[in-house]
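Read through the structure below, which is laid out as structure tokens, and then see the notes.
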Amino acid sequence: MTDLQTPADVRTLVSAFYDGIEADPLLGPYFADVDGAAHRERMVGFWCSVVFQSGEYRGRPFAPHARLAGLTREHFARWVARFRATVRARFEGPRADLAVARAEQIAGVFQVKLGLWAVEN
Ligand code: HEM
């Protein structure tokens, strides 16, 4: 197995992650009305920016998630598990590790922003 080496590898990863996501009972409903092709293009740019530090993604990743109703920590756990499994099944090396670490980190930040780690005082 090799590391993520080219944008084509990132495209492979993004396709594998989103192929069949509609069938996931937790995540599927959130992608029912999404323009899959446009979203995948954005995600290829996003993940290339992360693993190659190429800077092409200039979006604001959190914004669309603030509009998604009903997200829980279980949704994020599922998303991260799916992403990790998708990477690990295909790629191995520092860039693959960076992608997984960044996904976990961003999932954590999103959950804090959404108030999913609120504690009772
Ligand atoms: C519960 C988990 C998640 C769900 C259900 C979800 C769902 C979505 C949806 C519906 C969109 C908008 C698609 C569109 O209409 O174009 C989106 C965009 C995006 N998501 Fe997630 N997401 C989740 C977690 C994450 C995590 C953990 C990351 C971390 C890498 C992430 C990264 C992004 C990025 C970069 C975009 C594009 C933002 C932009 O428009 O520039 N998502 N996501």
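Taken together, the values in this text are just the output of simple stated rules run on the coordinates, not laboratory data. Because the structure is predicted, anything quoted here is derived from the model rather than measured. Methodologically, a virtual Cβ is constructed for each residue, glycine included, from the backbone with ideal geometry; neighbour enumeration extends over all protein chains shown.
For this structure, a couple of remarks:
- Loop-located trypsin sites (Lys or Arg not before Pro) in the stretch 25-61 (DSSP state not H, G, I, E or B) with no more than 11 neighbouring Cβ atoms inside 10 Å: Arg58.
- Summed residue charge, Cβ within 14 Å of Arg82's Cβ, Lys/Arg positive, Asp/Glu negative: -1
- Structure-based [θ]222 nm, the chain - -39500 (n - 2.57) summed over DSSP H runs of at least 4, per residue, nearest 500: -19000 deg cm²/dmol
- In loop segments of the stretch 1-81 as defined by DSSP, the chymotrypsin sites (Phe, Trp or Tyr not before Pro) with at most 12 further C-beta atoms inside 10 Å of their C-beta are Phe62.
- Helix axis angle, 73-88 relative to the chain longest principal axis, alpha carbon, degrees: 10 degrees
- Of the GluC sites (Glu not before Pro) found in the stretch 41-121, the ones in coil according to DSSP and having at most 10 other Cβ atoms within 10 Å of their Cβ are Glu120.
- Within the listed set Arg60, Arg95, Arg11, the Gaussian network model of the chain (springs between alpha-carbon atoms below 10 Å) gives the highest mean-square fluctuation for Arg60.
- Here the Kirkwood formula, the inverse mean of 1/r across different C-alpha pairs, assigns the chain a hydrodynamic radius of 15.1 Å.
- C-alpha long axis of helix 36-52 to longest principal axis of the chain, angle in °: 70 degrees
- Axis of helix 94-113 versus longest Cα principal axis of the chain: the two differ by about 20°, to the nearest ten degrees.
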